Amino acid sequence: MALPRREWLKTVATATFGTVGFPLLDRVHGQTRPSDAKAAQPLALKDYEPKSMLHVPETHVPRSRFPNIDFHTHLSWVDRKGKADVVQHTTTPAEALKVMDAKNIRIMVNLTGGYGPLLEETIRHWQQPHPDRFIVFTEPWYAKITMPNYAKFQGEQIQAAKKAGARGLKILKTLGLYLRENVTTGPLVKVDDKRFDEMWEAAGALDMPVAIHVSDPEAFFLPTDRFNERYEELSAHPDWSFHGKDYPSNAELQEARNRVMQRHPRTKFVCLHTADSENLPYVSECLDRYPNMYVDIAARIGELGRQPRMSRKFFDKYQDRILFATDATPHGDETPQQIFGNELYEIYYRFLETEDEYFDYAPARIPPQGRWRIYGIGLPDEILKKVYYENAARLLGL
Ligand SMILES: [Zn+2]
C-alpha cells in the first residue's frame, strides 16, 4: 500500500535532516511514532526521473512544415588517435537518406570533412554520389601549425579544398581550447592568432562560409559543484570542464572571435550553437555590430527553449541570419541531444513550429544538458521558411 503523502514527506524529511532514531511527532494525530529508518534512504539524483503532471497539448510534428537544410551534422570525423589520421564515417548515405526523406531534410551539411587527402575521401563517400543531398566542409590542418610557413600553407589548403569540392570551412572549439603551440603541448593558440588570417581571407574570397564553434556553455568554465546547473553533465564528462588551468574565459573567447569577424568583413561566419545561447542580449549586440555574422541553433534548443519569449523576439529580429541545425551525430550515444534519427528532428520541429509547453529537449531518460524542459516558440511560416532553408541556401550559394 502506498504511504499517504504526509507520511511520505516525513520519511523524506527524516533522511534529509538525519533525525533517524528520534521519534517523530505526528502532527495530525498528536502522537509520536518511531521513524522507519529503512524507508528513509535518500534518493540519488541520478535515479530521480520526475514525470510532469501537466495536462497540456502535445503536438507531434513528424515532418518540418517546409523542406530544411540541416546545416550542422557530423557524418564523418577524422580519427587522430592512431599513427596516421583516418576518416571514420558515422553511417552510410543510404541510412542517412532514409531519415532525411522521412523528416523532410533536403540537405545535410557534414561539417567535419577533414583536410588534404582525408577531405577528398569524405567528398567521395558523401557528396559525389549525392551532390543534391550532402555537402561537405573542410577543416584546418592543425598538425602543421609548427611549420614556418603555416599561414600561407593553410590559406592554400582552403583553395585546394574548394577545388576538391568543399563548400565551407569548419572550426571546432579546438581553436582556443585545445590547440597548442606544439599541437598538444605549449601555450594555447588564440582564436584570433594571425597565422589564420590567410585562411579566413581565402574562405571569404572563395565564397566558403566559415562554421565556427568557439567556447562552450558558461557552466563549463565554473567549478563542478552543487551550484553548477550542468553538474550531472560535467560529472559524466569531466573532460568537458574548462574551469581553471590556463583556459581563457568564455568572454575572452567570444571577443577573440569577434576580432576575427571584424578583421575579415568579406568572410561570412556562422557562429555555431547560437554563439553564446545563454546570453542572447550579447549575441544580439554582436549581430548588430558584425554584418558578416550568422548563427545556427545546433544542440541549443535546450537553452533557447527555456527562454521562449526572449528567443521568439530574437528569431523575429534576426530571421535572415539564423540557420536550422542539429549537430546530428549518428550513433552519438554520449550526447543524447545529438543522436541522429527521427526523434531528434521531431523535437526540433516541435520547438520551432508549435506553442507546446514544458517538453523534453532531447530523446533521453534524464535531460542531458540540465534538468529543465522547454517551450515551443511557434514561428510563423515566413520565418520558418528562412530558418529552415533560405538562409542556409543563400550562404551555400544554392
Ligand atoms: Zn558539432
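The values are calculated or read from the model by the stated rules, or taken from the named source; none is laboratory data. Everything quoted here is computed from the prediction, not taken from an experiment. Neighbour counts are summed over all protein chains in view; Cβ atoms, including those assigned to glycine, are modelled from backbone coordinates with ideal geometry. Side chains included, ligands, DNA and RNA excluded: accessible areas come from the protein's heavy atoms. Shrake-Rupley method; radii C 1.70, N 1.55, O 1.52, S 1.80 Å.
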Shape call for the stretch 37-135, from the Cα gyration tensor axes a ≥ b ≥ c (a/c under 1.5 means rounded, otherwise prolate when a/b beats b/c, else oblate), comes out oblate
Checking rank on 374-385, 309-320, with mean other Cβ inside 10 Å and highest first, the result is 374-385, 309-320
Taking only the Cα positions of the chain, the convex hull volume per residue in Å³ is 172
Heavy-atom accessible area of the chain with neighbours in place, 1.4 angstrom probe: carbon+sulfur share in percent works out to 54
Out of P50, P148, P223, a Gaussian network model of the chain with alpha-carbon springs under 10 Å gives the largest mean-square fluctuation to P50
For 71-77, 342-348, 274-280, ranked highest to lowest by mean beta-carbon neighbours within 10 Å, the order is 71-77, 274-280, 342-348
Restricting to Cα pairs under 8 Å and 6 or more apart, the percent relative contact order of the chain works out to 15
Expressed per residue, the solvent accessible area of the stretch 271-398 in Å² (1.4 Å probe) is about 37
Within the set R365, R300, R373, GNM on the chain using Cα springs under 10 Å gives the largest fluctuation to R365
Listed by chain and number, the lysines with an alpha carbon less than 20 angstrom from that of K317, same-chain partners under 8 positions apart left out, are K268, K385, K386
Here the gain from full extension of R65 to E343, 0.36 nm per residue of separation minus their alpha-carbon distance, amounts to 98.5 nm
The simple spin-label model distance between D79 and R124, using points 7 Å out along Cα→Cβ, in nm, is 1.7
Charge tally for neighbours of S215 with beta carbon under 11 Å away, counting Lys, Arg as +1 and Asp, Glu as -1, is -4
